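What follows is calculated from the coordinates using simple rules that are stated; it is not laboratory data. The structure presented is a predicted model; accordingly, all values stated were derived computationally and were not measured. Here Cβ is always computed from backbone atoms with ideal geometry, including for glycine, and neighbour counts include all displayed protein chains.
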Amino acid sequence: MKSIIARNQNVHIVKCVKPAIKPSYLLIKTLHSVISPGTELSLIGISEDRDITLGYSAVGVVMECGEGVEDYQKGDIVACYGAPYVGHSDCLLVPTTLCAKVPSGVEAKEAALAGIGAIAIHALRIAKLVFGETIVIIGLGLLGQMIAKIANAAAYNVIAFDIQAERAAMLNEETSIRSFSTIPEMESEIEKCTKKYGADAVLLCAGGKRSSLTNQSLEWIRHQGKVVIVGDIEPDFPRNLLFAKEAQILISRAGGPGRYDQVYEKQAIDYPYGYVRWTEGRNVAEYLRLVNDKRINVQSFLTDEVDFQDAPAAYDELFNKKSTTLTKIINY
């Protein structure tokens, strides 16, 4: 089989040994995978003198089911999420806890975004908002845009911001979302819609390590409001304003409970439904439900496609932060 890796800050296609089926795993023939620019461009940057497998969100057809698998069969179309099991490879061996069947009303390319959807859903769960509360989303790359759409579907009051006007404008199709590219305009909207109380939560989806946005985010929330760190940004908050507002600083890790747990992932042992309601696998399935029920429209993310053999060159365009190309769908 073939996989896409980063090596010495370049992207390559390499040949790998096809994995053998294991108990509680699915062997999947990949149909599409999705490039996640925020994560993958960072990995490319640190790939000097080593190989790093790229990708973590894909969809494919089940070729073989491992011993003990009951909920899947050969021929099922499944979405799957999570490195090192899921990557840009033409064949994937994935534990069932990281998979979900794709409903008939969901296109395979839409399902390929399930990993991004799970991360977005988990970030919103970390914020623990309730119906009607106000959320501000800072940074409108692929993940920020996905969070905005799902937050809107959940009937939160959504305000979005990106310094690039081109990306802020991409949410104009969502008539209930107010999206801005200047901070004064955004701040004016927060004051107006919260009657100067401040937002209930700010989700920081931007990158860039140290940023003035972390300080500013505390100015935008209400007393006892929340700031959720979603992107790769340094949590550098001034104590005085934290204390004054008794603010909550939270961090969202990947797609939900189960991530990086060897028992849940490697051994494919699920958490009890009654104790851990929303695992990363169940968040993948929830994203698929939102698309199937037409609660969110992700077609704007599917405009740029590339064949697998041409994928290495496709990463160059994603370095352009002004581009409205937020991702590329790799076709196998």
> Taking region 150-161 on its own, how many of its residues are in contact (Cβ under 8 Å) with a residue 40 or more places away in the chain and surrounded by 23 or more Cβ atoms within 10 Å (Cβ to Cβ)?
Replying inline: 1
> How many residues are among the aromatic types (Phe, Trp, Tyr), surrounded by fewer than 17 Cβ atoms within 10 Å (Cβ to Cβ) and in contact (Cβ under 8 Å) with a residue 24 or more places away in the chain if we restrict to region 179-237?
Replying inline: 1
> Any chance region 278-288 includes a residue that's touching a Lys or Arg at 6+ places or on another chain (Cβ under 9 Å), assigned to a helix (DSSP H, G or I) and within 18 Å of Ile126 (Cβ to Cβ)?
Replying inline: yes
